[in-house]
Amino acid sequence: MNHVSNSRRLFLLINYTLLTIVALLCFLPIVHILAVSLSSKGAATAGLVKLWPVDFTWSSYEYVLNKPQFLISMWVTVQRVILGTGISMLLTLLVAYPLSKEPHQMKFRTAYAWIFVFTTLFSGGLIPWYMTVRDTGLIDTLWALVIPGALPVFNVILLLNFFRGLPKEVEESCFMDGGGYWTSLWRIYAPLSLPAMATVTLFTIVGHWNSWFDGLILMNSPEKYPLSSYLQTVIVQENLSNMTADQAAAMADVSNRTFKAAQIFIGSLPILLVYPFLQRYFVKGIVLGSVKG
Amino acid sequence: MRSKKMAYVSLVGCMLFTMLLSACGGGNEGAETKSEEPEQIIEGPVEPMGAFEPAISIDAIRYVGEEVKFPEGQDIKNNVWTDLYTELGMNLNYKWIVTGKEQYDSKVNIAIASNDLPDILEVNATQLRQLADAGQLADLTAAFENYASDDLKKVMNIDPNALPSATFDGKLLAMPSTQPVIGGSAPLLWVRADWMEKLNLDPPSTIEDVIKIAEAFATQDPDGNGVDDTYGFALNKDVGTSGFSIGFMNGYGAYPQIWVDKGDGELVYGSIQPEMKTALASLQEMYKNKLIDPEFGVKDTIKVFETITSNKIGLLSGPSWYPAWPFWDMVKEDSSIDWVSYPIPSQEGGNASVQMPFSVSHYYVVTKGFEHPEAIIKMANLYYEKLYSDNAEFEKYGTVTTDKDSIGVNKYSLVEVVNPNKDLIRQEELETALETKSDEGISSAETKIMYEEFVRYLDGSNPAGWSGYKASGPDGSMKQLRILNDEGKVISNGFVGAPTETMGQRKATLDTMEQEVFTKIIIGESSVDAFDKFVEDWKKLGGDSITQEVNEWKQSK
Amino acid sequence: MNKGLWRQWPLHLMILPGLIIVLIYSYWPMAGIVMAFQQFVPFKGLFGSKWIGLDNFEYVFALPDIGRVIWNTVFIAFMKIIGGLVVPITIALMLNEIRNALMKRGIQTLIYLPHFLSWVILGGIFIDILSPTTGILNQLLGLFGIEPIFFLGSNTWFPYTLVVTDIWKEFGFSTIVYLAALTSIDPSLYEAATVDGAGRWKQTWHVTLPGMVPIIILLSVLSLGNVLNAGFDQVFNLYSPMVYESGDILDTFIYRIGLEGMQYSVGTAIGLFKSVVSLIFIVVSYVLASKLANYRIF
């Protein structure tokens, strides 16, 4: 066991090196954005900033933190993520569990499954969807960002596949003890598939965090935009043709790269911390370990 | 077994579908019934700025630019302009507000498609046509006639195409938002004066001279850093649609993307004229000689600005406001940098005619059924009255100056109508005022403020006045445009209004082809003769019918 | 039988809330698909607009550039699908070999960072990084004597640039799914393999990979639904007229057509076309997976 062969050592060396390079490649753009956000405007627009700040300054962070809209939007996003992930996870569990049963255990199971899968392929387009959200009275409320997309079908499929991988015996013993489907779902399936649940939760959180289009379309005033919708309005360049000198001067202000970089950076900071937190649920062998115990 | 289940699924699907069909059918009946146009009853004398008694409530939507700021205690729903509207009995009620024009356009499209319109809204030409065709708009003919102030009527008639572009079957269906497009878009040649001086170059008098300056800037290390890192002439990826290339092409008498009168009253498409071939050949030559950034094809305007501010480019064509951005960013940091503008020279020498877009790019409309269409006219009256008339209160409604900064509060007005020649008039008045050292001849408060800034700039106490002075000073870019305009050398698109039918179907494809062919010619991937093939294809793929439609449109006017 | 159904009712009850959500917010709006067969005019509504049969489809498929656009779309999407499967699986297996928990977690976290940067942001960054004159990548290649490559401006390179940058942005995220799958492999299988004298490679080959097969099949089938989704946001932020020839895809093409007017019907028709193609791919692969591998995906 203690003996590690040379070829194994070589493999590990290559493996570590490659993964480190890959990780760095993924990390550098964020470092670049951070560096730009801490540089002076002149250095940033002249393209002098690579991975280290030039003419170090906090001014862009002062600007952002003094901007009420940024903080308001951050709060909207936090609310949205908490409410949305809670509802989504509940619905996902409730749909994935029955669908993980065999057709003889649940009538119409395959039909149900196709009904859900079908929605990922076909859509009526933006306008009818908007009208539906409007007619169900959700426009301009937090619910509009939460309810219409409350069932991410991809996550359902992922989770039902994990459920299916769990040994049947465990559930049967639960039934023997007089438990029903509900007990089995809460007491057996949910706790036994923690890594899968963590994955799906992460996807749901990230989905809510990143989606910006619904916020712009369904909210009636900028104070209700989630952060990503707000960032979209900051980052996307307005048409620069036909401006007056005053507008141009004002645009010069808002098109400041360092301000944008600072907002992008603070805007992604909270979500970057979510994954490391969820990682502790990715423990190998948790499933059978607990079954055996 | 499985096929049975699939059949079941499709059955469920079908049932759902029929359910939906019947339900939606019912829901849409209401859309067909048309409300009757309320009669225009005018009681007593009409006051353009009179208050509504009793007050009316107006549903509206709007966008706020990301750059718009507010003084302490004001926001977009409560500010000097909304107060003014309230005083006059107009209570604005915003159904929604969005940040940014682009987002606004897509939200309006959704509002139109889902039949969710407020009483008053701003639309673009395509949206206007669509609403007009659907009969959703209130007729503003009588309201404009009766309520528009003399000032407003005058402004509306400066561009003879403005009102006609909003008139359908003899009815005025929208208030055009006229804008000062000469100052906003018409191209000039901008050159780094410090570089010219350093390399002992003369101002250009022909477009050939421009190329010579470009050559000198590219090869003779004008920034003196000992590295061959400068380019001669700026270009971005939007060949033929952005000012960088338009100005240069105008120098050759080529007018990309607009319809020009060939002299016999017939409109032809500028991008397919032989002059364009010459211009492209010249750009190809410049690219080959490394006068143009080899990466121009992927760079947008902002990226090109960055190349400029990092001292890599000192020659470009662009609008009069470039001193405000991006040039001021450089001059502020290093006062040895100086920019100077020239009118675009032509091939034979003398000034070339330059192009600008139509002065109206958006409109204000009132939806059918709203009882007071004159409200929109009154708002337009107010805008002009409070900002540009003899009774203007510019310090209150135009620009508010606090100790921290100055804030353009005029942006809060729902309606914006500007004299298309505003920039020209302003420059003329400023020039006279500087000569006579008195602001007596200045007609607007806005210009008076600017005059004071100029005076302080000239005595050295206001270095930030540089950009304004470069544009509107006695030798500024606006002066050059004013001369050009007086000579009739600023031409506008001969076709204005919503896209014609074939344009709607084909323009995107034709534009794609145009940009692709032009870019490939410039980078030398295609020979200049590819232009002839492009012209042929353009005509065949819908261009001929578009030309016909455009000329029919012209006849019908 | 009745007793069976009675026993099942909690399952049907569980599914109900989710079913209601998709019925309202997915199936109800699907009525809008009829627009594909109409010349949709707002205010006339879905049933007042003129029916024009397949004209919208004919219009699009008769446009001069449609051939190259479809080719680009399929080519780029297909390569992204392949790369999007191979890279995350490889990385997951490589990570699985790392014993140092801190390092493992660190790398996992870092590789998922790019997912949070939108293409609007990355567009500007990539123009800098990939620049043939000042870009860091070309400077690196220069060290090996390679001539500068204009990744974003050359029709030879552009599609591959799209594929590589897309995989770079998303692989860390899909790796997470495979890592989750790895956790559900029974550790006793490894113990048994060790007892049998299987080395690391053999364990990976005979235990780890087979354990991942279900999730690999699942994700492959699902990703096949994307054969016509070459990634609008990415292409839109990276392309230019220089590379229309190799980089213009169905979605960007339709977007430009839509800019001229509000052509809802044309957009819906293309959407429907894409949906039908995806459905065919999904159904075929679903059937194949269950026939050949006896594995039901969903």
**Message:** Among C:P10, C:W28, C:A92, which residue has its Cα furthest toward the positive end of the charge dipole of the protein assembly as shown, with +1 on Lys/Arg Cβ and -1 on Asp/Glu Cβ?
**Reply:** C:P10
**Asked** Calculated from DSSP H runs of 4 or more alone, at -39500 (n - 2.57) each and per residue, what is the 222 nm mean residue ellipticity of chain B, nearest 500?
**Response** -13500 deg cm²/dmol
**Item:** Amide H partners (placed H, <5 Å) of B:M49, local residues excluded
**Value:** none
**Size of charge dipole - chain B - debye, nearest 20, with Cβ of Lys, Arg +1 and Asp, Glu -1, no other charges** = 1840 debye
**Request:** Apply 1/(1 + (r/R0)^6) to the Cβ-Cβ distance of B:S336 and A:R9, taking R0 = 41 Å, and write down the FRET efficiency to the nearest 0.05.
**Result:** 0.10
**Complete:** With the charge dipole of chain B built from beta-carbon charges (+1 for Lys and Arg, -1 for Asp and Glu) about the Cα centre, the Cα from B:L510, B:Y342, B:G240 projecting farthest to the positive end belongs to B:L510
**Request:** Would you please state which residues of the stretch B:435-470 a label at B:E197 would reach in this model, taking the label point 7 Å out along Cα→Cβ and a backbone N cut-off of under 20 Å?
**Result:** B:457-470
**Request:** Could you grab the relative contact order for the stretch C:43-293? Cα pairs under 8 Å, six or more apart, rounded to a whole percent.
**Result:** 30 percent
**Prompt:** With charges only on Cβ, +1 for K and R and -1 for D and E, what is the dipole size of the stretch B:280-426 about its Cα centre, in debye, rounded to 20?
**Reply:** 280 debye
**Prompt:** What does the charge dipole of the stretch C:43-293 about its Cα centre add up to, to the nearest 20 debye, if the Cβ of each Lys and Arg holds +1 and the Cβ of each Asp and Glu holds -1?
**Reply:** 460 debye
**Request:** Can you tell me the FRET efficiency between C:F144 and A:D55 if r is taken as the Cβ-Cβ distance and R0 is 45 Å, rounded to the nearest 0.05?
**Result:** 0.85
**Request:** Report, as an integer, the average count of C-beta atoms from other chains found within 10 Å of each Cβ along B:538-551.
**Result:** 0
**Prompt:** In angstroms, what radius of gyration and Dmax does the stretch A:60-283 have, counting Cα atoms only?
**Reply:** 21.9, 79
**Item:** For the stretch C:43-293, the spread of Cα positions along each principal axis, largest first, Å
**Value:** 72, 52, 29
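Among B:D544, B:D59, what is the fewest-to-most ranking by other Cβ atoms within 10 Å?
B:D544, B:D59
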**Item:** Distance (nanometres) between label positions extended 7 Å along Cα→Cβ at C:E191 and B:Q555
**Value:** 9.2 nm
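Can you sort B:D338, B:D405 by how many other beta carbons sit within 10 Å, fewest first?
B:D405, B:D338
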**Request:** Per residue of B:101-108, count partner chain C-beta atoms within 10 Å of its C-beta, then hand back the mean as an integer.
**Result:** 4
**Positive-end residue of C:F78, C:S131, C:G199, charge dipole of the stretch C:43-293 with Cβ unit charges** = C:G199
**Asked** Exactly which trypsin sites (Lys or Arg not before Pro) in the stretch A:33-136 are in a DSSP loop and have at most 16 other Cβ atoms within 10 Å?
**Response** A:K50, A:K107
**Prompt:** Count of lysine pairs in the stretch A:60-283 with Cα atoms under 28 Å apart, counting only pairs 8 or more residues apart in sequence or on different chains?
**Reply:** 5
**Simple label model, 7 Å out from Cα along Cβ direction - A:W75 to C:E58, nm** = 5.8 nm
**Prompt:** In what order do A:S211, B:S438, B:S336, C:S26 fall by count of nearby beta-carbon atoms within 10 Å, going from fewest to most?
**Reply:** B:S336, B:S438, A:S211, C:S26
**Asked** How crowded by other chains is B:63-75, given as the mean number of beta carbons from other chains within 10 Å of each beta carbon?
**Response** 3
**Asked** By Kyte-Doolittle mean hydropathy of at least 0.0 and Cα axial length of at least 30 Å, which whole DSSP H helices of chain C are selected?
**Response** C:66-96, C:158-183, C:264-292
**Complete:** In whole percent, the Cα-Cα distances of the protein assembly as shown spread across 10 Å bins from 0 upward as 2, 9, 17, 21, 21, 15, 9, 5, 2, 0, 0
**Item:** Axial C-alpha extent at least 27 Å, average Kyte-Doolittle at least 0.5 - helices from chain A (DSSP)
**Value:** A:6-37, A:68-99
**Asked** For B:T206 and A:T17, FRET efficiency with R0 = 56 Å and r from the beta-carbon atoms, rounded to 0.05?
**Response** 0.40
**Message:** For B:A55, project a label point 7 Å along Cα to C-beta. Then give me every residue of the stretch B:89-113 with its amide nitrogen under 13 Å of that point.
**Reply:** B:89-93
**Asked** Relative contact order for the stretch A:60-283: what is it in percent, counting Cα pairs under 8 Å that are at least 6 residues apart?
**Response** 33 percent
**Asked** For the residue pair B:S443 and A:Y63, what label-to-label distance in nm results when each label sits 7 Å from Cα along the Cα-to-beta-carbon direction?
**Response** 3.8 nm
**Fill in**
Mean separation of Cα contacts under 8 Å (at least 6 apart) over the residue count of chain B, i.e. the relative contact order in percent, is 20 percent
**Item:** Low-density loop positions, chymotrypsin sites (Phe, Trp or Tyr not before Pro), the stretch C:126-233 - DSSP coil, at most 16 other Cβ in 10 Å
**Value:** C:F144
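Laboratory data are not the source of any read-out in this text; all were calculated from the coordinates shown. Fair warning: this is a prediction, and the values are worked out from it, not measured in the lab. Positions of Cβ are backbone-derived with ideal geometry, glycine not excepted, and every protein chain shown enters the neighbour counts.
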